[in-house]
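Undergrad: I have a structure I would like to understand better, so I am pasting it below and will then ask my questions one at a time.
None of the figures in this text is laboratory data; all of them are computed from the coordinates on show. This one's a predicted model, so the numbers in the text were calculated from it and none came from an experiment. Methodologically, a virtual Cβ is constructed for each residue, glycine included, from the backbone with ideal geometry; neighbour enumeration extends over all protein chains shown.
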């Protein structure tokens with residue numbers, strides 16, 4: 001069977017196109033960071049790309065849980081918070097501790113991973129490697145939290161699971177804001193001064209935009225590999241029919257736990273990237289509204305579609321941060337003329353957004369991609385079919 | 001018959017829901033290599049008995065052994081202590097260590113099918129069978145993700161292919177499981193159960209909703225797989241034709257209690273069975 005797949009020309013061409021596109025993307029991103037001038041367009045484009053890449057990872061991690069394992073969990077913001085905090089705590093340089101933890105006598109932690117590595121490897125390599133290690137640590141800490149929460153919570157089903165995970169996310173937020181753990185989390189104050197995207201460089205080449213893409217792509221790649229493995233099939237079996245899955249020897253608790261922990265690991269990684277993007281973080285920002293935002297993207301993209309989640313992430317972020325901004329600004333500029341529209345004022349964007357979402361939910365209830373995946377091999381096959389069909393038609397016409 | 005020849009041993013199993021006795025003091029033996037049937041009119045407690053064996057329910061009282069290994073041993077506890085209406089309440093001690101969940105029971109070697117077909121709806125025919133092989137694979141989540149188990153995955157795929165070919169399902173391998181006609185879905189469900197490499201196959205009304213022709217084919221099919229995989233088959237059925245055709249031994253229950261047991265001819269002529277099925281005339 002594998003042999004036939006390897007011989008499939010469409011698959012080969014598809015893979016080649018994908019590799020070329022990815023290479024082109026990275027070249028573009030590196031140009032964007034280093035060469036292209038900073039004008040109005042790129043100043044909007046760069047943050048959208050960064051945040052879109054981060055949200056892609058976060059949404060795919062939620063999709064693994066909600067779409068592929070059928071666990072309706074609403075705890076994502078909690079794990080993002082854990083990841084973001086874990087990253088920031090390990091990455092604040094030690095000489096900044098006094099400034100950041102000003103109410104807690106410089107905090108309880110006296111070291112910083114990027115700093116320690118910078119001493120050994122030089123500044124740039126230290127920052128890069130330190131950031132990567134801190135990101136992985138952030139994922140691991142989130143995974144540990146998930147494992148502990150999962151033990152009681154994963155015995156619940158559907159709505160009850162959603163309520164319990166939502167509650168736990170809020171509890172996590174409350175605990176992180178508590179002054180008792182202030183020496184570590186800085187209480188309800190901000191964490192800042194840690195390694196952010198702008199510190200990621202190789203030599204003189206800045207990688208501020210390429211880095212989140214790089215991390216997100218590896219993580220999403222891993223999730224896709226997992227989904228297409230035997231465990232991924234077992235997750236889908238649990239989603240489709242729990243009773244049948246259990247009767248076929250698939251341990252429900254073990255597989256739900258696996259999915260929950262893995263999803264939270266990647267949510268933690270996403271949280272760490274979000275912390276890098278924002279340069280400052282505060283537990284107060286990780287409210288349940290954030291979970292709903294992520295859930296919304298997953299639903300728009302298609303529950304059970306990785307590529308759908310990615311496409312929807314970029315679309316949502318672009319609309320929210322860029323394309324629909326004009327709705328908030330009181331007027332539009334068309335052909336050099338300023339037109340004032342009475343409805344356009346602060347918050348009107350959200351109204352339009354809600355309407356768009358309602359339209360999507362009503363008319364495209366399965367999202368952009370449904371549960372299908374975007375595949376270049378499939379596109380090549382379609383194009384070929386079209387070509388052969390056209391050739392056949394042309395032949396008939398003659 | 002020595003004890004090792006008994007694949008499934010059910011002893012005084014009682015399942016009481018509140019005040020309802022779904023299964024009352026059921027005892028039966030399923031010897032190795034035989035086809036044994038459990039029959040009874042609607043609501044007699046057949047599926048409940050199945051669920052007690054496969055770990056879906058924990059019986060209120062009684063013992064279930066698989067190849068001499070106790071799987072469930074229970075006696076009325078908690079609220080049931082007072083409510084319990086059955087017998088033998090003090091015969092068995094409860095041991096929480098031996099009440100495995102359905103997946104553990106499948107791992108021991110008992111596979112089942114369902115009365116209302118429960119295939120994985122979003123998966124293809126091929127994936128349905130392949131997924132059932134997940135339990136016996138020796139991979140872990142890392143080796144599976146990083147494709148370090150390629151050899152095992154290939155073996156699983158080859159075995160699935162072979163199994164589908166044997167069951168005449170290979171031509172449908174890339175179709176959605178739910179798009180198959182009803183009879184083939186039943187067959188696929190049996191193929192999926194076989195993929196877990198069971199010793200004992202439990203079939204819950206395999207002929208439900210089938211016409212006489214399909215039922216006849218199914219009977220042959222069950223006999224074939226029984227011989228081929230050296231299986232023991234324990235089935236629940238409504239269709240008398242099928243049961244009489246293939247069973248070696250039959251247990252009949254009504255209102256949760258056993259009313260008769262014997263070889264097919266004996267059951268056919270048993271007045272209590274006829275009464276249970278047709279009702280007793282009021283004379």
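Undergrad: What does the highest-first list of B:121-130, A:354-363 look like by mean Cβ count within 10 Å?
TA: Averaged packing, sorted descending, gives the order B:121-130, A:354-363.
Undergrad: Determine the gain in length on full extension of the stretch residue B:142-residue B:230; use 0.36 nm per residue of separation and subtract their C-alpha separation, reporting nm with one decimal.
TA: Stretched fully, the residue B:142-residue B:230 segment lengthens by 28.2 nm.
Undergrad: Once you put a point 7 Å from the Cα of residue A:36 and another 7 Å from the Cα of residue A:159, both along the Cβ direction, what distance in nm separates them?
TA: 4.8
Undergrad: If you take each beta carbon of peptide A:221-230 and count the beta carbons of other chains within 10 angstrom, what is the mean?
TA: 4
Undergrad: What's the ranking of A:140-153, A:315-328 by average number of surrounding C-beta atoms within 10 Å, highest first?
TA: In descending order of packing, they fall as A:140-153, A:315-328.
Undergrad: By how many nm would the segment from residue A:140 to residue A:43 grow when fully extended, if each residue of separation counts as 0.36 nm and the alpha-carbon distance is taken off?
TA: Result for the pair: 31.6 nm of gain on full extension.
Undergrad: To the nearest 500 deg cm²/dmol, what mean residue ellipticity at 222 nm is calculated for chain B from DSSP H runs of n ≥ 4 alone, each contributing -39,500 (n - 2.57), summed and divided by the residues?
TA: Mean residue ellipticity, 222 nm, calculated: -10000 deg cm²/dmol.
Undergrad: As a test, work out the antiparallel percent of DSSP beta bridges whose residues both lie in the protein assembly as shown, rounded to the nearest 5.
TA: Roughly 65 percent of the DSSP beta bridges within the protein assembly as shown come out antiparallel.
Undergrad: Based solely on its DSSP helices, what 222 nm [θ] is calculated for chain A when runs of n ≥ 4 H residues each add -39,500 (n - 2.57) and the sum is averaged over all residues, nearest 500 deg cm²/dmol?
TA: My calculation for chain A gives -22000 deg cm²/dmol from helical runs alone.
Undergrad: Right, another one. Summarise the partner chain shielding of A:232-245 as one whole number: the mean count of Cβ atoms from other chains within 10 Å of each residue's Cβ.
TA: 6
Undergrad: Right, something else. Give the distance, in whole Å, between the Cα centre of segment B:50-112 and the Cα centre of segment A:78-156.
TA: 49
Undergrad: So how do B:92, B:182, A:101 line up by other beta-carbon neighbours within 10 Å, fewest first?
TA: Fewest-to-most ranking of B:92, B:182, A:101: B:182, B:92, A:101.
Undergrad: Okay, moving on. Given a 10 angstrom Cα cut-off, can you work out which residue in B:48, B:14, B:232 is the most mobile in a GNM of chain B?
TA: Highest fluctuation among the options: B:48.
Undergrad: For a quick protection proxy, order the peptides A:126-135, A:283-292 by their average other-Cβ count within 10 Å, most packed first.
TA: Answer by packing, highest mean first, reads A:126-135, A:283-292.
Undergrad: For segment A:46-203, rounded, prolate or oblate, judged on the Cα gyration tensor with a ≥ b ≥ c (square roots of eigenvalues), a/c < 1.5 rounded, else prolate if a/b > b/c?
TA: Oblate.
Undergrad: Quick one: among B:220, B:139, B:85, which has the greatest mean-square fluctuation in a GNM of chain B with alpha-carbon springs under 10 angstrom?
TA: Judging by the Gaussian network model, the answer is B:139.
Undergrad: Given a cut-off of under 8 Å on Cα pairs at least six residues apart, what relative contact order in percent is computed for segment B:136-283?
TA: This gives 14 percent for segment B:136-283.
Undergrad: Here is a follow-up. How far is it, in nm, from the label point at residue A:391 to the one at residue B:277 when both lie 7 Å from their Cα along the line to the Cβ?
TA: Reported label-point gap for residue A:391 and residue B:277 is 6.4 nm.
Undergrad: Next question. May I ask you to sort A:341, B:141, A:238, A:120 by Cβ crowding, counting other Cβ atoms within 10 Å and putting the fewest first?
TA: The order, fewest Cβ neighbours first, is A:120, A:341, B:141, A:238.
Undergrad: Here is a further query. With a/c under 1.5 counting as rounded, go ahead and sort segment B:118-196 into rounded, prolate or oblate using the C-alpha gyration tensor (a ≥ b ≥ c being the square roots of the eigenvalues; past the cut-off, prolate if a/b is larger than b/c, else oblate).
TA: Because a/c hits 1.5 or more and a/b exceeds b/c, segment B:118-196 counts as prolate.
Undergrad: Shifting gears a bit: At 0.36 nm per residue, minus the direct Cα-Cα distance, what do residue B:165 and residue B:20 gain on full extension? Give it in nm, one decimal, please.
TA: 47.7 nm
Undergrad: What's the center-to-center distance, using Cα atoms, between segment A:214-248 and segment B:168-233 in Å?
TA: Taking the Cα centre of each part, segment A:214-248 and segment B:168-233 sit 27 Å apart.
Undergrad: While we're looking at this one, here's another question. Looking at chain B as a GNM with Cα springs under 10 Å, which of B:112, B:73, B:155 has the largest mean-square fluctuation?
TA: B:155
Undergrad: Right, another one. Would you mind computing, in nm to one decimal, how far apart the modelled labels at residue A:20 and residue A:374 are, each placed 7 Å from Cα along Cα→Cβ?
TA: In this crude label model, residue A:20 to residue A:374 measures out at 1.7 nm.
Undergrad: Taking every pair of alpha-carbon atoms in chain A, what share in percent sits in each 10 Å bin, from 0 to the bin with the longest distance?
TA: With 10 Å bins starting at 0, P(r) equals 5, 19, 28, 26, 15, 5, 1, 0, 0.
Undergrad: Could you work out how far the C-alpha centroid of segment A:172-189 sits from that of segment A:42-64, in angstrom?
TA: Segment A:172-189 and segment A:42-64 have Cα centres spaced 27 Å from each other.
Undergrad: Another question, if that's okay. How crowded by other chains is B:115-127, given as the mean number of beta carbons from other chains within 10 Å of each beta carbon?
TA: Across B:115-127, the average partner-chain Cβ count within 10 Å equals 3.
Undergrad: Sort A:17, B:105, A:311 so the one with the fewest other Cβ atoms within 10 Å of its own Cβ comes first.
TA: A:17, A:311, B:105
Undergrad: Continuing with the same structure: Which residues among segment B:92-126 fall inside the zone where the amide N is under 14 Å from a point 7 Å beyond the Cα of residue B:58, along Cα→Cβ?
TA: Counting backbone N atoms under 14 Å from the label point, the list is B:93-102.
Undergrad: Cα-based Rg (one decimal) and Dmax (whole number) for the protein assembly as shown, in Å?
TA: In order Rg, Dmax, the Cα atoms of the protein assembly as shown give 30.8, 103 Å.
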